[in-house]
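Q: This is the structure I want to talk about, given as C-alpha cells.
The values are calculated or read from the model by the stated rules, or taken from the named source; none is laboratory data. Given the structure is predicted, the values throughout are model-derived calculations rather than measurements. Note: ideal-geometry Cβ built from the backbone for every residue, glycine included; neighbour counts use all protein chains shown.
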Amino acid sequence: MVEKVYLGTEIDGRSLASTGDLNLGSDSRALFEANAEAGPFYCMRVSFEFFVVIFCVCLFEMLQMLRQSRKEIRNHQRNLIFGETKLVYQIFFYFPDTHIHSPCTIQRKASVTLRRKNKQHFLQKKPKGDNLPCIQEACPATFEVKRSATITMCSSFTKDIAALIRKNALVEDGEGIVVAVSAGADSTALLISLSEMACYNLIAAYIDHGLRPTEAEREISSLQELCAQRGIPFSVRSVEVKRLVQQTGRSTEDAARELRYRALEAIRTENGYDTIAVGHTLDDQVEEFFIRLIRGSGTCGLSGMSLRRKQIIRPLLHKSRAEIEDFLTDKGLAWCTDSSNLSTTLLRNRIRLDLLPELEQHYNPSLRKTILQTMDILREEERYMREKSLSAYRQCVAGDTGKGRLSIDLDSYRSCHKSIRRRIVEQCCWQLGVGPSYTNREDVDKLAAGESGKELHLSCGLQLIRQNRTLVLQRVAFSGRRRWRPAADYTLPIEGPGSYPLPELGLELRLQICSPEKIPKEAGLLTVDNEKCPFPLTVRPYRPGERFTPHRGGGRKKIARYFNEKKLDKRRRTSWPILFLGNSVVAVIGYAADSKYRVDSHSRSILTIGLTHR
C-alpha cells in the first residue's frame with residue numbers, strides 16, 4: 001500500500017525530518033532536495049529483514065531453558081530478543097512537470113505500480129493522456145526503521161488465564177480493558193497476568209471509598225509503582241460511600257459496591273474501552289453461593305457468578321486464592337491486605353472466616369469442591385430451564401412492552417409446570433421494567449385460579465386483571481398497594497449512569513447510556529440526548545414557579561400546572577423527583593423530558609431515565 005508522507009512525518013515511529021534521512025545516491029538526492037518542499041513523498045514498505053544468526057542463538061537459549069526443572073520453567077519470566085528487525089521503506093517523489101514550470105504534481109490520476117528491475121524497485125507512473133509529459137522512472141530512496149522483536153515466556157498461571165479468555169471469547173486481541181485493582185492479591189495477579197499477555201490495552205483503576213484513608217494511600221503508592229514498572233496507565237477515583245449510606249440507609253458494603261462499579265463504568269466510557277475486568281476468584285464463588293443461599297435464591301442465583309456479564313469479565317473465576325498467592329510469591333511480588341476483610345461484621349467475612357472452616361473441619365473437608373460441582377449442575381439445569389421457559393413464554397404471552405401491557409393466555413399458562421409458570425411471571429415483570437418477587441409470582445397463580453373480572457395490584461407497581469380466558473399484566477405509573485411516603489426537600493447528585501435509590505419516596509432511579517440503535521423498549525422510560533445534558537446532574541423536587549417545555553406537551557408551562565394536568569396526587573407533587581442540569585429541567589421523571597434535550601437524528605449518545613419501586 002502506497003502512503004502519502006511529507007517532511008516531518010513519522011514513519012513507523014521514526015521521523016522523516018529531512019532528505020538527509022534518506023538513503024540514496026547523489027544524483028537522486030539533488031532531485032529530492034530540489035523538490036522537497038513541494039511534496040508529497042510516497043512511501044511503501046518493501047522488505048522485512050531478520051538477523052537469522054541472533055534468532056538461532058535465541059532458539060538455543062530456549063532449548064537450554066527446557067532442560068531446567070519444570071517448576072523453574074513455569075516460574076521463569078523473561079524477555080528473549082529474537083534479533084533486531086529492519087523495516088525498509090521506499091520513498092518516491094512525483095517530480096514537477098518541466099514543461100509548465102510548476103512545483104505542483106500532475107493533476108490527473110495516475111496508476112502507481114511497483115515493479116522489480118535489476119533487483120531494485122522503481123515507481124512507474126502511467127498518465128492516462130499523452131499530452132502530459134512526466135519522468136517515467138525515478139530511482140527510489142530508502143528509509144530504514146530498526147526495531148527489536150521480543151517474545152515473553154509467560155508462566156503457566158498466565159497461560160491458563162489466556163486460554164480461558166480465548167475459549168470463552170471474553171476479550172478480543174487489541175481491545176481495551178479497565179482492570180479494577182485494590183492492591184490485594186487477586187487484583188494484582190489479574191493485572192500482572194493480563195499485562196504478560198501483551199495483547200490488550202490496559203488501564204488500572206483504583207476506587208477510593210473514603211473508608212480507610214491511611215491504607216488507601218499505601219495501596220495507591222504500591223499500585224503506582226507497579227504500574228510504572230509495567231508501563232500501565234493508572235487512574236484513581238474517589239467516591240463518597242458514607243454519604244450514600246446516609247442518604248439511602250443502605251449497608252456500607254452495598255453502597256460501596258454500587259459506587260465502585262459506577263466509577264469503573266465512567267472510566268471505561270471516558271477511555272472508550274470495551275471491558276471491565278474484576279478479580280473475583282473461585283473462593284469468592286463459593287462464598288457467594290452461601291450468601292445467596294442464606295438470603296434466598298433460585299437456581300439462577302445459586303449457579304454462581306458468570307465469566308462475563310455485560311461489560312464485566314472475571315478471568316480469575318477458576319483460580320483459587322492459594323494459586324493466586326503462589327503465583328505472586330513465585331514472582332517476588334507483594335500485595336496489600338484490606339483490614340476490612342478481617343471484620344466479622346460483614347456477612348461475607350463471617351462465611352469465609354467462620355462458617356466455611358467449621359464446615360470443612362467437621363462435615364466435609366472437600367466442601368469447596370462439592371459446592372463447585374453443585375454449582376456446575378445448577379448452571380446446566382438453569383440453562384435448560386431457561387430454554388424451556390422461553391419457549392413457553394412465547395406460546396403464552398402476547399402484547400407490547402412499549403405500551404406497558406402484556407396478555408397471558410390462561411389455558412396455555414395453566415398447562416405449564418409450576419416452575420415454568422414462575423419463570424413466565426418473572427419474564428413478564430422484567431419485560432415491563434420491574435424486578436419480580438416471590439410474592440408477585442404467588443399472586444399471579446392465585447388470580448389465574450380465581451374468577452373473571454378480578455384485579456390485583458402487585459407491590460412492584462404492576463396491575464393484574466383477569467378477563468375471561470386472559471390475564472392482563474400492565475404497568476401502572478407508580479401506583480399499587482405501596483403507600484406513598486411524603487418526603488422533605490432533598491437533593492441527590494448524579495455523577496454518572498447507574499442506580500440511585502430514593503428511600504424517602506420508596507423509588508429507585510435508573511440511568512443508562514446507550515446508542516440510538518439500542519434504546520430499551522420499556523414502559524415509562526424517558527430518553528434524552530446525553531451530549532446535551534452531560535453529567536453531573538441533580539435530582540430534587542420542583543420549586544414554586546419552575547417551568548419546563550415537555551416534549552410533545554404543548555409549549556412551556558409551570559411544573560405545578562403540568563402535575564395538575566396529569567392528575568398526580570397532591571401528596572406526591574411536592575416530593576416528585578425532577579432531573580436538573582444546573583437549574584434547567586431535563587425531565588420530570590416518569591412523565592416527560594424537556595424538548596431542549598430531546599433525542600433527534602443527530603444524537604449519538606442516549607441517556608435513558610427509568611423509575612421503579614424499591
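Q: Within the stretch 431-439, is there a residue that is closer than 21 Å to G404 by Cα, within 30 Å of the chain's Cα centre (by Cα) and modelled with pLDDT of 80 or more?
A: no
Q: Assess whether D284 counts as being modelled with pLDDT of 90 or more, over 30 Å from P493 (Cα atoms) and buried (at least 17 other Cβ atoms within 10 Å of the Cβ).
A: For D284, the condition - modelled with pLDDT of 90 or more, over 30 Å from P493 (Cα atoms) and buried (at least 17 other Cβ atoms within 10 Å of the Cβ) - is met.
Q: Give me a count of the residues in the stretch 380-433 that are outside any loop (DSSP other than H, G, I, E, B), within 30 Å of F289 (Cβ to Cβ) and in contact with a Leu (Cβ under 9 Å, 6 or more places away or on another chain).
A: 7
Q: Any idea which of (1) part of a helix (DSSP H, G or I); (2) at pLDDT below 90; (3) under 23 Å from N349 (Cβ atoms) is the one Q247 doesn't satisfy?
A: (3)
Q: Would it be correct to say that V239 is over 23 Å from R350 (Cβ atoms) and among the aliphatic types (A, V, I, L, M)?
A: For V239, the condition - over 23 Å from R350 (Cβ atoms) and among the aliphatic types (A, V, I, L, M) - is met.
Q: Among the residues of the stretch 517-530, what is the count of those that are loosely packed, with under 15 Cβ neighbours inside 10 Å and over 13 Å from W430 (Cα atoms)?
A: Of the residues in that region, 3 qualify.
Q: Every residue in the stretch 531-550 that is surrounded by fewer than 20 Cβ atoms within 10 Å (Cβ to Cβ) and farther than 18 Å from R573 by Cβ, please.
A: Matches in the stretch 531-550: E531, K532, P534, F535, P536, T538, T549.
Q: Also, quick follow-up: Taking the stretch 341-389, which residues are of a type in the set (S, T, N, Q) and buried (at least 16 other Cβ atoms within 10 Å of the Cβ)?
A: Answer for the stretch 341-389, where residues must be of a type in the set (S, T, N, Q) and buried (at least 16 other Cβ atoms within 10 Å of the Cβ): N349, S389.
Q: So, in the stretch 236-266, of the ones that are free of Cβ contacts under 8 Å to residues at least 24 places away in the same chain and crowded, with 19+ Cβ neighbours inside 10 Å, which residue ends up nearest to V179 (Cα to Cα)?
A: The residue in question is A255.
Q: If a residue counts only when it is in contact with a Lys or Arg (Cβ under 9 Å, 6 or more places away or on another chain), which strands (runs of 3 or more DSSP E) contained entirely in the stretch 499-614 have at least 3 such residues?
A: 526-529, 578-581, 584-588, 606-613
Q: Right, next: Would it be correct to say that R556 is without any contact (Cβ under 8 Å) to a residue 12 or more places away in the chain and either surrounded by 20 or more Cβ atoms within 10 Å (Cβ to Cβ) or touching a Ser or Thr at 6+ places or on another chain (Cβ under 6 Å) (or both)?
A: Against the criterion (without any contact (Cβ under 8 Å) to a residue 12 or more places away in the chain and either surrounded by 20 or more Cβ atoms within 10 Å (Cβ to Cβ) or touching a Ser or Thr at 6+ places or on another chain (Cβ under 6 Å) (or both)), R556 qualifies.
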